Structure formats: structure tokens, C-alpha cells
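Accompanying notes for the structure given below.
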Amino acid sequence: MEQHSKFRSVMDEPGQFDFYLVPGLSLEEQRERKLRAVLIGAGNVAFHLAPALERVGICWVQVLSRNAENAGALAARLRSKPAWGGLEVLEKDGLDMSAQLYFLAVRDEAVPALASCLREQAALPQDRILVHVSGALPLEVLKPDSGPCGVLYFLQTFSKSAPCPDFSRIPVCIEASDSPTLECLERLARSLSGKVRVLDSRQRSFLHLGGVFACNYVNFMYTVAYDLFREQGIDFSLLAPLMEETLRKAEANPPFAVQTGPAARGDAAVLARQEALLASSETGRAYLEVYRLLAKAVQERAGKKI
Ligand SMILES: NC(=O)c1ccc[n+]([C@@H]2O[C@H](COP(=O)([O-])OP(=O)(O)OC[C@H]3O[C@@H](n4cnc5c(N)ncnc54)[C@H](OP(=O)(O)O)[C@@H]3O)[C@@H](O)[C@H]2O)c1
């Protein structure tokens with residue numbers, strides 16, 4: 001995008017994570033300035049990501065969220081002591097226009113409308129960069145034709161209630177509308193993580209899909225076991241060594257090469273007994289269909305006749 005080629009990000013010394021992206025200023029003037037950013041959203045990702053980005057040189061100037069109290073609680077955690085408020089400030093000329101980066105860390109379904117609102121109603125200047133943090137949303141939702149934008153996707157599960165994850169080990173996938181923006185996001189990502197990859201929107205959506213299977217659905221399998229054990233009065237922590245060993249083996253091998261269990265062996269008698277066991281339990285009946293589907297998928301993958 002031609003109109004953005006004049007924006008350059010500059011970092012004076014490798015390893016020193018201060019970010020500058022101010023067009024038209026001398027290097028000295030730029031050195032005076034850290035990268036200023038506005039955060040929209042105060043949920044699970046924002047809660048952990050905002051302090052982490054602050055530690056590597058981002059100066060948060062404003063935190064906005066649908067619920068102003070949530071924005072205030074997050075702003076209070078940040079050393080840069082940003083202004084905060086509800087999203088209604090966007091309609092009242094209350095958006096801080098002095099930032100270079102505008103992070104949208106809100107639920108996926110809210111991102112496209114907020115991006116339009118920032119570019120159109122709030123009339124965000126054309127050189128400001130919009131960033132979303134979603135694995136599932138394409139870059140296009142940020143409307144690259146109306147200004148520079150990018151994606152900073154952290155492949156990790158974030159919950160406010162969990163301790164802050166170690167960002168240096170979290171893979172970060174980046175994408176941007178133009179090279180200077182990509183360079184800026186890459187520097188930001190590298191300042192936090194040792195594993196940064198440039199992926200396009202389609203690749204990122206597959207990465208996210210892999211995460212849904214490897215994290216969300218695996219966790220749901222834990223939930224099934226948890227529910228069955230609770231019904232039968234069995235201690236769930238007994239499963240921990242098995243869960244750990246399964247992960248260890250899957251990291252060291254192609255996962256299906258170390259697949260075990262009755263479905264992989266094609267042991268029809270055990271499969272039938274376990275289906276009957278599920279059908280005999282009130283909790284188990286709810287998971288009978290899931291069991292059948294998984295058993296069928298494993299046998300098909302193993303090339304076993306069903
Ligand atoms: N959680 C993860 O593990 C994870 C991992 C990687 C990427 N992501 C991505 O990070 C982004 C945020 O996810 P999250 O888990 O932090 O979400 P979350 O905890 O559910 O937080 C959602 C945030 O979005 C705001 N919000 C919800 N609905 C909205 C709406 N209709 N309009 C405007 N704002 C709305 C909420 O505002 P209030 O709280 O003020 O109501 C809250 O600040 C998403 O794009 C997600 O795909 C999440």
C-alpha cells in the first residue's frame with residue numbers, strides 16, 4: 001500500500017525493546033518516544049498481554065472495554081496508568097488519537113464492527129495501525145484498504161484466573177497489510193517470544209483449528225473423564241501421570257504412531273463393553289455418541305475394518 005510506505009519502525013540497538021513508529025521525526029526525536037498504544041478489550045488475553053507488552057516498551061495511553069469497570073480494573077494493573085472507559089467514548093470523540101497502535105482484544109464477533117467504527121465513525125487517522133489478536137479471523141476484517149493493520153496471534157490458552165503464561169515460550173503468528181507494519185509487529189513479537197512466524201490468514205486459521213483440537217477438545221476429553229470419575233467417586237488426579245506421558249510421547253513422535261487403546265487395536269469386545277458401561281451410567285449416556293464417533297475415527301485412521 002503506497003500511502004503507508006513512508007512509515008518506518010526504527011529500533012536503535014538490537015536487544016533493546018523500545019519501539020518507534022513516528023513518521024516525519026528525526027531519529028533523535030523518535031528516540032524520545034516509545035510506541036504508544038490503545039487497548040480495546042479487557043478480557044482474558046488483554047489481562048495477560050497488556051502488562052507483557054508494557055514490559056517490552058509499549059506505553060498504553062488508553063484502555064477501553066464494553067464494560068468500563070473492566071477497563072478500569074485492567075488500566076489499574078498497568079504502570080503506564082492509561083485513561084480508561086467504556087466503548088461509548090468512541091462515539092463521543094473520546095478516542096486517544098495520539099497512539100500508533102490500536103489493539104482489538106475483544107471477542108471475535110465484535111472485531112469487524114469495532115474496526116469499522118475506529119476507521120469510520122471515530123475517523124482514526126490513516127497512518128494508525130489496527131491490530132487484532134485472533135487466530136480465527138482473517139486480516140481482512142481490519143479493512144486493510146482504509147489503513148495499515150496486522151495480526152498478532154499468540155498460540156496459547158489465556159484465562160484471567162490462571163497465572164500469567166511464559167510469553168517467551170508462546171509461538172506468535174504475525175501478518176500485516178504492508179511491510180513496515182509487518183516489521184513493527186515482528187519486532188514487538190520477537191521482544192516477547194523466541195518463536196515468531198509469519199503466516200497468512202488461511203494458514204493461521206488452520207493453526208487455530210489445530211489448537212482447537214489439541215487444546216479445546218483435548219480439555220473436553222478431560223472433562224468427560226472428570227465427570228465419569230466424579231459420578232463413580234474416583235479421584236481425577238489419578239489420571240495426571242497418564243495425561244503427562246501422553247503429551248510427552250505426542251511431542252516426541254507423530255502422535256498416531258504412539259496411539260494406544262482398544263480402538264487403535266481394533267478390539268471390538270472391549271469397545272462394546274465400554275459402550276455398554278457408558279449406557280449404564282447417567283453421566284456416561286451423554287457421552288456415548290462422542291465415544292462412538294471417536295472410536296470410529298481412530299479405527300478409520302488405523303485402517304482397521306469397523
Ligand atoms: N482466550 C484465549 O485463550 C485466546 C487465545 C488467543 C487468542 N484469543 C483471541 O483474543 C481475543 C479476545 O479473546 P478473550 O479470550 O480475551 O475474550 P474474553 O475474555 O471473552 O474478553 C472479551 C472482551 O471482549 C469484550 N466484548 C465481548 N463482546 C463484545 C461486543 N459485542 N462488543 C464489544 N466488546 C465485546 C469484552 O468486554 P467487557 O468485558 O468489557 O464486557 C471483553 O473485554 C479474541 O479475538 C480471541 O480469539 C483468545
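Summary of computed values
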| item | result |
| --- | --- |
| Segment 87-109, residues that are among the charged types (D, E, K, R), assigned to a loop (DSSP other than H, G, I, E, B) and more than 18 Å from the chain's Cα centre (by Cα) | ASP93, ASP96 |
| Residue in segment 217-228 that is at pLDDT 95 or above and more than 26 Å from PHE158 (Cβ to Cβ) present | yes |
| Hey, LEU104 surrounded by 22 or more Cβ atoms within 10 Å (Cβ to Cβ) and either touching a Ser or Thr at 6+ places or on another chain (Cβ under 6 Å) or under 25 Å from GLY210 (Cβ atoms) (or both) or not | yes |
| Condition check for SER134: away from the ligand (no atom under 13 Å from the Cβ), in contact (Cβ under 8 Å) with a residue 12 or more places away in the chain and among the hydroxyl-bearing types (Ser, Thr, Tyr) | no |
| Flag for TYR226 being under 26 Å from HIS132 (Cβ atoms) and of a type in the set (Phe, Trp, Tyr) | no |
| Residues located in segment 199-215, provided they are in contact with a Leu (Cβ under 7 Å, 6 or more places away or on another chain) and within 20 Å of ILE129 (Cα to Cα) | LEU199, SER201 |
| Subset of segment 73-85 that is surrounded by fewer than 17 Cβ atoms within 10 Å (Cβ to Cβ) and within 15 Å of the ligand (Cβ to nearest atom) - its residue that is nearest to ARG55 (Cα to Cα) | ARG77 |
| Residues of segment 89-128 that turn out to be within 15 Å of the ligand (Cβ to nearest atom), out of contact with any Leu (no Cβ under 9 Å at 6 or more places or on another chain) and of a type outside the set (Ser, Thr, Tyr), as a count | 4 |
| Where a residue in segment 53-78 is at positive phi and its partner, wherever it lies, is of a type in the set (Phe, Trp, Tyr) and not in a strand (DSSP E or B), with Cβ under 8 Å and at least six apart | GLY57/PHE17; GLY57/PHE19 |
| Pairs with Cβ under 9 Å, 6+ apart, first in segment 98-126 and within 15 Å of SER65 (Cβ to Cβ), second of a type in the set (Lys, Arg) and more than 7 Å from the ligand (Cβ to nearest atom) | TYR102/ARG128; LEU118/ARG128 |
| Conditions (1) part of a helix (DSSP H, G or I); (2) closer than 30 Å to GLU300 by Cβ: number failed by THR260 | (1) |
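The values are calculated or read from the model by the stated rules, or taken from the named source; none is laboratory data. Quick caveat: nothing in here was measured; it's all calculated off a predicted structure. Neighbour counts run over all protein chains shown; Cβ positions are idealised from the backbone, glycine included.
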